[in-house]
Amino acid sequence: MLLLRCPPLPLLLLLPLSSRPQKLPTRDEELFQMQIRDKAFFHDSSVIPDGAEISSYLFRDTPKRYFFVVEEDNTPLAVTVTPCDAPLEWKLSVQELPEEASGEGSGEPEPLEQQKQQITNEEGTELFSYKGNDVEYFVSSSSPSGLYQLDLLSTEKDTHFKVYATTTPESDQPYPELPYDPRIDVTSLGRTTVTLAWKPSPTASLLKQPIQYCIVINKEHNFKSLCAVEAKLSSDDAFMMAPKPGLDFSPFDFAHFGFPSDNNSGKERGFLKSSSKFGRQTPPKPRVDLHKVCMGNKNIFTVSDLKPDTQYYFDMFAVNTNTNMSTAYIGTFARTKEEAKQKTVELKDGRVTDVFIKRKGAKFLRFAPVSSHQKVTFSVHSCLDAVQIQVRRDGKLVLSQNVEGVRQFQLRGKAKAKYLIRLKGSKKGASMLKILATTRPNKQSFPSLPEDTRIKAFDKLRTCSSVTVAWLGTQERNKFCIYKREVDDNYDEEQKKREQNQCLGPDKRKKWEKVLCKYFHSQNAQKAVTTETIRGLQPSKSYLLDVYVIGHGGHSVKYRSKLVKTRKFC
């Protein structure tokens with residue numbers, strides 16, 4: 001039986017071998033439960049408790065020794081050492097107990113100095129040794145009685161580790177058992193997604209113990225223990241919320257994966273801060289592209305929002321939620337599929353091109369002027385939500401802007417230059433736009449617009465059969481057409497928003513919806529305001545009003561729609 005000495009604090013660093021008869025403590029169940037509850041009791045102690053995992057820290061090239069006593073011969077024994085973030089050298093040895101130590105005694109602890117003097121300095125018989133970063137075990141079904149020593153050393157760097165020892169390995173089973181096939185299978189592979197499946201732990205399926213599975217994804221290498229993973233993760237990122245039912249984990253947004261974040265960068269872990277009292281300063285660790293998520297007892301999982309054509313490493317850990325101890329499956333890796341090659345659309349000088357972009361998608365266009373030019377103009381009309389435009393001239397980025405409504409960009413020309421245009425859609429939904437590229441500065445297909453494209457209705461001028469509205473124009477003479485459409489009283493802003501496609505022109509409207517068309521401009525931009533009274537309406541009815549401005553090339557742009565209602569009584 002594995003025994004430990006529990007004197008009053010401070011805890012003795014070594015278990016004593018008394019010269020007088022003394023009964024060593026046994027694994028009393030009440031005492032054992034106290035040991036597990038009070039983990040701080042064993043912090044920085046040289047005593048290994050029976051049946052409880054301890055965590056500790058090693059300074060580089062500074063050995064550490066632990067002790068435990070097995071009182072009776074032919075006792076089962078299991079010792080597990082888990083390196084966290086550096087390889088370890090460790091050795092387990094045993095010394096014989098003096099005959100006097102096995103006799104009956106008072107059980108009272110002796111003074112610390114007297115106990116130190118009674119510990120032998122002999123190295124004992126080596127039972128097992130290991131060097132590496134694997135989780136390694138020593139298991140014996142029949143171990144001799146004696147004082148057991150566990151010596152550990154890290155020659156690479158300061159590191160922490162975990163140790164678990166028990167004299168009842170068959171009944172304890174704190175680590176989840178792996179299935180007969182502990183591999184992780186890649187069942188589906190896409191450009192941005194990987195689906196993984198694994199066989200459940202018998203600890204959950206047969207023994208009915210509470211097991212949850214935690215997956216770790218990174219782009220560097222596989223991990224051999226959850227301890228090694230948590231050594232890489234900052235305390236803020238170590239655990240994430242489990243996904244909602246029906247939704248798989250999708251953590252890889254640009255803020256967390258593939259791009260460094262300033263949040264918590266250089267933040268040291270708690271046990272590193274305390275090491276300063278020993279005269280060693282640990283430099284801040286860089287942020288790593290690593291994520292961990294625990295998803296309950298699922299055994300199939302899809303990771304999404306990955307980068308195309310990128311290799312990822314996947315590790316799965318079964319965690320016993322009662323003991324918080326884990327076992328690693330055999331990790332795997334996979335490379336996501338390449339991004340589908342985009343077809344590049346050729347733009348013709350002075351010709352408007354319609355572009356449709358899927359949600360979060362992108363389109364590439366190419367403009368290669370056939371003649372030398374001093375300037376090139378790009379006119380973009382975003383029909384729905386804002387889109388992003390990037391222009392590269394001979395590979396160099398010369399423009400990057402978000403476009404809402406109509407925008408015009410003029411760039412300096414270059415002989416035989418070729419322009420690559422990347423249009424990125426909205427995250428909200430699909431995007432539609434019109435784009436024109438030209439080397440002729442007077443070629444303006446899209447009409448100019450004021451900054452404010454709202455239609456204002458005058459409430460005091462509203463009657464049972466008419467409404468009066470106003471809108472802004474520009475210094476450029478353009479044609480304006482106003483249309484009306486009767487709508488239900490429950491017509492709301494959400495319905496109006498769905499109909500805000502600015503690229504749909506008057507040619508898509510019914511003839512009887514047209515109110516009038518007129519030309520308008522003002523040399524003074526501050527006074528470029530026009531008003532119009534719309535008559536022939538029905539009392540207490542709602543109408544949707546639209547104003548279109550039509551440019552010289554025939555292309556139109558719609559102002560923001562206005563919902564109005566006539567008076568019920570006049």
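Assorted remarks:
- Some residue of the range 498-507 being among the aliphatic types (A, V, I, L, M) and outside any loop (DSSP other than H, G, I, E, B): no
- For the range 390-416, taking the residues that are closer than 24 Å to Leu433 by Cα and among the hydrophobic types (A, V, I, L, M, F, W, C), the one that is most open to solvent (accessible area, probe 1.4 Å) is identified as Leu397.
- Filter result (more than 30 Å from Arg560 (Cβ to Cβ) and either in the same structural domain as Ile550 (by the TED database) or assigned to a loop (DSSP other than H, G, I, E, B) (or both)) within the range 397-417: Gly413, Lys414, Ala415, Lys416, Ala417
- Strands (runs of 3 or more DSSP E) within the range 299-396 that include 2 or more residues in contact with a strand residue (DSSP E or B) (Cβ under 7 Å, 6 or more places away or on another chain) and more than 30 Å from Pro202 (Cβ to Cβ): 344-346, 353-357, 362-367, 375-382, 387-393
- Within the range 52-90, the set of residues being open to solvent by 10 Å² or more (accessible area, probe 1.4 Å) and at pLDDT below 85 comprises Asp85 only.
- Positions within the range 322-365 being in the same structural domain as Leu306 (by the TED database), among the aromatic types (Phe, Trp, Tyr) and either open to solvent by 90 Å² or more (accessible area, probe 1.4 Å) or at positive phi (or both), in sequence order: Phe333
- Taking the range 180-195 as the range and being under 18 Å from the mean Cα position of the chain (by Cα) and among the charged types (D, E, K, R) as the test, only Arg191 passes.
- When the residues of the range 435-453 are filtered to those that are in contact with an Asp or Glu (Cβ under 8 Å, 6 or more places away or on another chain) and more than 25 Å from Ser372 (Cα to Cα), the one that is modelled with the highest pLDDT is Pro447.
- Per-region count, the range 418-431, residues closer than 19 Å to Gly350 by Cα and in a strand (DSSP E or B): 5
- All of Ser556, Ser561, Ser540 fail the test of being of a type in the set (Ser, Thr, Tyr) and surrounded by fewer than 17 Cβ atoms within 10 Å (Cβ to Cβ), apart from Ser540.
- Here Ala204 clears all of (1) crowded, with 16+ Cβ neighbours inside 10 Å; (2) of a type in the set (Gly, Ala, Ser); (3) modelled with pLDDT of 90 or more except the condition numbered (3).
- Every condition in (1) open to solvent by 20 Å² or more (accessible area, probe 1.4 Å); (2) β-branched (Val, Ile, Thr); (3) in contact with a Ser or Thr (Cβ under 9 Å, 6 or more places away or on another chain); (4) closer than 20 Å to Lys479 by Cβ holds for Ile455 except the one numbered (1).
- Residue count for the range 366-382 satisfying the condition of being among the small types (Gly, Ala, Ser) and either closer than 19 Å to Arg392 by Cβ or not assigned by the TED database to the domain that holds Val403 (or both): 2.
The values are calculated or read from the model by the stated rules, or taken from the named source; none is laboratory data. From a predicted model like this one, the values you see are computed outputs, not experimental measurements. Heads up, the Cβs are rebuilt from the backbone with ideal geometry, glycines too, and the neighbour counts pull from every protein chain shown. Only protein heavy atoms, including side chains, enter the accessible area calculation; ligands, DNA and RNA are left aside. Shrake-Rupley method; radii C 1.70, N 1.55, O 1.52, S 1.80 Å.
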